[in-house]
1. Calculated from DSSP H runs of 4 or more alone, at -39500 (n - 2.57) each and per residue, what is the 222 nm mean residue ellipticity of the chain, nearest 500?
2. Counting only DSSP beta bridges with both residues in the range 257-440, tell me the antiparallel percent, nearest 5.
3. Would you mind checking which residues have amide H under 5 Å from ALA16's amide H? H placed 1.01 Å from N; only 5 or more apart, or other chain.
4. So how many Å³ per residue does the convex hull of the Cα atoms of the range 355-454 work out to?
5. Amide H neighbours of THR437 under 5 Å, counting only residues 5+ apart in sequence or on other chains, H built in-plane at 1.01 Å?
6. In whole angstrom, how long is each semi-axis of the equivalent ellipsoid of the range 439-490, when you take the square root of 5 times every eigenvalue of its Cα gyration tensor and sort them from largest down?
7. Using all alpha carbons of the range 218-290, what is the percent of pairwise distances in each 5 Å bin, ordered from the shortest bin to the longest?
8. Heavy atoms only, probe 1.4 angstrom, no DNA, RNA or ligands counted: give me THR342, THR66 ranked by accessible area, highest first.
Amino acid sequence: MNITLKQYINGNWVDAKSGETRDIINPYNQEVVANVPEGNAEDTKAAIQAARDTFDQGDWPSTPATERGAIVRRIAELIERDREELARLESLDTGKTVEESRGDMDDIAGVFRYYAEVADKDGGELIASPIPNSTSKVVYEPIGVCGQITPWNYPLLQASWKLAPAIATGNTLIMKPSEITPLTTIKVFELMEEAGVPAGAANLVLGAGATVGAELSSSMDVDLISFTGGLATGKKIMQAASSNMKKLALELGGKNPNVIFADADFELAVDQAMNGVFFHAGQICSAGTRLIVEESIHDKLVDALVERVKKFNIGNGFDDSTQMGPLISAEHLAKVEKYVETGVKEGATLAVGGSRPDDPELQDGFFYLPTIFTNCTTDMHIVQEEAFGPIITVETFKTEEEAVTLANDSIYGLAGGVFTTDAVKAERCAAGMRMGTVWINEFNLYFPHAPWGGYKQSGIGRELGRLGLEEYTEAKHVFQNLKPEPLNWF
Ligand code: NAD
């Protein structure tokens with residue numbers, strides 16, 4: 001493996017202060033593919049100090065935005081140069097297919113390119129001052145030291161949504177990738193160094209959430225935490241962040257409805273229902289795990305899905321024919337199995353799947369069969385909670401109103417889809433659905449230009465788009481009296 005398996009603090013590649021390391025496992029066969037430093041609170045404090053000093057004493061925050069944009073553009077170019085190596089590393093670490101990882105790398109380069117372009121496009125704004133003989137303007141400044149914490153499902157993609165806007169706006173940062181999937185993030189720090197990100201501006205600490213993540217969240221020297229991960233962790237971070245009233249950007253879970261009307265293009269709806277859930281074995285925050293289907297097409301749709309699922313190719317992400325790889329870990333596999341067990345107990349009907357595959361070649365990996373539950377109701381755990389695996393639940397509706405009510409019956413509000421050929425009905429549903437993204441005749445599509453984030457308990461704030469840049473800035477109002485005179489009040 002051609003990467004420096006170390007942390008990156010203040011421009012130096014370093015081992016953990018404790019000397020401890022962690023094995024990184026390939027979820028396809030449980031082979032150890034790398035051994036990386038296991039940082040702790042001490043490593044994190046050193047990285048925070050470097051980021052703090054670089055922000056408070058260095059030139060980075062006042063570097064012209066055009067120069068910062070050029071660095072971000074260079075990072076995009078280097079990701080494109082090393083696309084294949086990065087894609088293979090990502091698949092080794094996560095088990096997802098290499099083809100999918102290549103797509104991720106293209107998306108990631110696109111995110112850096114987008115923020116390179118917008119970095120110097122916003123010079124603030126002039127306010128129409130209500131006070132005679134005055135000027136009033138708003139300037140946008142970097143927030144300061146940013147802690148960035150990412151999950152394992154899209155390791156580098158989620159990191160790119162945080163790194164690119166933070167660098168473009170002149171913040172300093174400490175990145176903590178998921179302890180189980182750090183490889184591509186390490187590689188990108190090498191590329192960021194090559195691209196000219198100054199020492200201390202971007203730091204990388206490897207290690208567990210309870211140590212590194214908790215230190216970042218509670219530190220008095222960190223100004224913002226941008227976190228992507230589970231709801232329970234998000235709540236802990238929110239509490240810890242109250243230490244110094246840090247700004248928070250939280251991208252949390254989802255239990256995303258996919259509403260399919262009888263008048264939908266049937267083949268399209270079936271195809272997208274499959275893509276919406278079984279991509280990356282359902283380990284996607286926006287996976288369309290809740291199918292909400294008009295009663296009259298329920299049987300036909302379920303039959304079509306089951307037929308397709310039975311032809312599925314599960315296996316090694318490095319084989320071209322593989323459509324779905326393993327789950328990320330033994331612990332996660334156990335969680336998915338438990339959800340299926342609960343679903344059966346609660347009275348849902350297993351239409352297909354519901355177990356590990358019996359193929360002897362897959363026994364060392366964390367594989368689970370694509371699974372479809374019918375006869376589901378909104379009070380079931382499998383309908384309300386994020387199993388984060390290849391599981392679809394099917395509910396039915398009779399009226400449009402009922403469909404929207406079902407879609408909204410969740411503590412989450414990340415994303416959802418509507419399939420219908422009636423454009424007006426689609427818009428009405430989209431307007432009624434309380435979630436950060438609604439796709440019409442599409443599922444799981446996103447691009448850097450449009451914001452991403454959740455309503456309700458799916459999070460706070462937005463990533464991507466202009467709003468994703470604004471998360472990393474403070475707005476300062478500067479007022480000048482051009483004819484100052486004493487008030488003579490006191
Ligand atoms: P997780 O919450 O277990 O871990 C995410 C990160 O938080 C990891 O780096 C982990 O080490 C760290 N962490 C754990 N405990 C911490 C603590 N006490 N303080 C600070 N950091 C801590 O999530 P996961 O299992 O890695 O990822 C899956 C979750 O991520 C799912 O819920 C999924 O929906 C969510 N997700 C959301 C989005 C989105 O855009 N909304 C995108 C991807 C994933």
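The values are calculated or read from the model by the stated rules, or taken from the named source; none is laboratory data. This one's a predicted model, so the numbers in the text were calculated from it and none came from an experiment. Methodologically, a virtual Cβ is constructed for each residue, glycine included, from the backbone with ideal geometry; neighbour enumeration extends over all protein chains shown. The protein model used for the area step is the full one, side chains on, heavy atoms only, and it has no ligands, DNA or RNA in it. Shrake-Rupley method; radii C 1.70, N 1.55, O 1.52, S 1.80 Å.
1. -11500 deg cm²/dmol
2. 15
3. So ALA16 has HN proximity to GLU38.
4. 150
5. Result for THR437 returns ALA415, GLY416.
6. Computed over the range 439-490, the values are 44, 13, 9 Å.
7. Going from the shortest bin to the longest, the percentages are 3, 15, 18, 15, 11, 9, 10, 8, 5, 4, 1, 0.
8. Values: THR342 40, THR66 85 Å².
From most exposed to least exposed: THR66, THR342.
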